[in-house]
Amino acid sequence: MIVGVPRESYPGERRVALVPSVIPNLKKVGLDVIMEENAGLEAGFPDADYATKGAKLLKDRGEVFRSADIIAQVLCYGSNDKTGKADVPLYRRDQILIGFLRPLGTLETIEDIARAGVTSFAVELMPRTTRAQSMDALSSMGAICGYKAVLVAADTLPRLFPMLTTAAGTITPARVFIIGAGVTGLQAIATARRLGAVTSAYDMRPAAKEQVQSLGARFVELPVEAKDAQDAAGYARAQDESFYSRQRELLTRVVAENDVVITAAVIPGKKSPVLITREMVAGMVPGSVILDLAAERGGNCELTRMGEKVVERGVTIIGWLNLANSVPHDASQMYARNITAFLAHIVKDRKPRLDVKDEIIQSTVVTRGGQVVNPRVREFFQLPVLAAHS
Ligand SMILES: NC(=O)c1ccc[n+]([C@@H]2O[C@H](COP(=O)([O-])OP(=O)(O)OC[C@H]3O[C@@H](n4cnc5c(N)ncnc54)[C@H](O)[C@@H]3O)[C@@H](O)[C@H]2O)c1
């Protein structure tokens, strides 16, 4: 069987789905690798390194799609809403497609993929279980985003992060507050602490408290309790507007006391809750920074503009997307390991083993045999239940 990796086509995307070091592991499970030329170049993986590890390089993108049984991408059509559609005519029936598909994005896109007849897997739908941990690309990218968010904020803030005691006096440390302590928020906490900032964090899931404290940060307790804060998979559940309104009220003082606020409070498949209002921004000291990691789904700050950096009343609000793309080498390495673990899971004896009873396969498969087969995606778009897959 052959895995093909086309060059990423989303404008500015620098990551690549497979790196040279995973090729021997793929060979062990009977998978040969073909790469479109220069696919890894911007992530620091030249063609020669792939060739040394035994990959075949092809100049023509169409030929990669024609030759491969499995296509692995970072941003497939779906998450690549700019240029991804151009790949659809290249898909072959029953070819396997793996990558970020944005399965709860737009139905039209998912139906385009279904019509092409590919069996597609969305890495976003990976279950958060111990078994699937090595395949969890969302956690990999989340950790990188959390790290990079702190560096961007530190670079923007007109103050130092650490305390400095110098002959010219003592500089007090910056105060950093993180809202949402999932994988991304926890990595932001760890990074802010390493840079010497006085770091605190808040999450509505009670389980997050211990994790925040284990990183040496202060957990901010708010006298407001979420109903069924987390689902069976460990994800936060959306709350009603009165809960969010109470949160905003209680967060106002905390936000005003900090120099940097990093927000990473997202709810899978939902618009992110607004936790910082225009008035709360006005209450911050000029020069403060808000870095909104929820920008892609509306943002946790009312003033966030997706993909942009804006300054309001002296406060800089950054809503940049895809921060993982700014660390393409390690992001690709982690992603490639996640994809390799997933491929080793679905390929047995040189054949795909797509057992729909397997939790990992059942959760991640989006389209198969011309249909949208994923129950969660069908429910999200209010499509009738498919008897065959349930
Ligand atoms: N393989 C695994 O076992 C695995 C992998 C990754 C994550 N997890 C678990 O999954 C859970 C979710 O982690 P994640 O990184 O996907 O989270 P995520 O990326 O969905 O992060 C969102 C965070 O924001 C919080 N949040 C949402 N709305 C909020 C609000 N209004 N106020 C405050 N906080 C709010 C959530 O509780 C969550 O912690 C965690 O329990 C994590 O430990 C397990």
Using the Cα gyration tensor of the stretch 178-281, with a ≥ b ≥ c the square roots of its eigenvalues, what is the shape: rounded (a/c below 1.5), prolate (a/b larger than b/c) or oblate (neither)? oblate
Mind running the shape call on the stretch 1-52? Use the C-alpha gyration tensor, a ≥ b ≥ c as the square roots of the eigenvalues: rounded below 1.5 for a/c, prolate if a/b tops b/c, oblate otherwise. prolate
In this structure, among 227/271; 28/59; 28/53; 53/85; 82/271; 53/348, pairs with alpha-carbon gaps over 24 Å are 28/59; 53/85
Please state the shape class of the stretch 230-303: rounded when a/c is under 1.5, otherwise prolate if a/b exceeds b/c and oblate if not, all from the C-alpha gyration tensor. prolate
For a footprinting-style exposure proxy, rank 203, 32, 240 by other Cβ within 10 Å, fewest first. 240, 32, 203
Ascending count of other beta-carbon atoms within 10 Å, so fewest first, for 306, 334, 35: 306, 334, 35
In what sequence, highest mean first, do 242-249, 3-10 appear when ranked by Cβ atoms within 10 angstrom? 3-10, 242-249
Based on the mean of other beta carbon atoms within 10 Å per residue, what is the order of 204-211, 307-314, most packed first? 204-211, 307-314
Along the stretch 118-133, Karplus-curve 3J(HN,Hα) (6.51, -1.76, 1.60; θ = phi - 60°) to the nearest Hz, with x for Gly and Pro, reads 7, 8, 9, 10, 9, 5, 5, 9, 4, x, 8, 10, 4, 4, 9, 4
Could you sort the peptides 156-165, 73-82 by per-residue average Cβ neighbour count (10 Å cutoff), highest mean leading? 73-82, 156-165
Can you list residues from other chains, or at least 5 along the same chain, whose modelled amide H is less than 5 Å from the amide H of residue 57? 35
Output the DSSP H helices from the chain with an along-axis C-alpha extent of no less than 15 Å and a mean Kyte-Doolittle hydropathy no less than 0.5. 137-156
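Since every read-out is calculated from the coordinates, none of them should be taken as a lab result. Here the structure is a predicted model, which means the values were calculated and not measured. All Cβ positions, glycine included, derive from the backbone under ideal geometry; neighbour counts span all protein chains shown.
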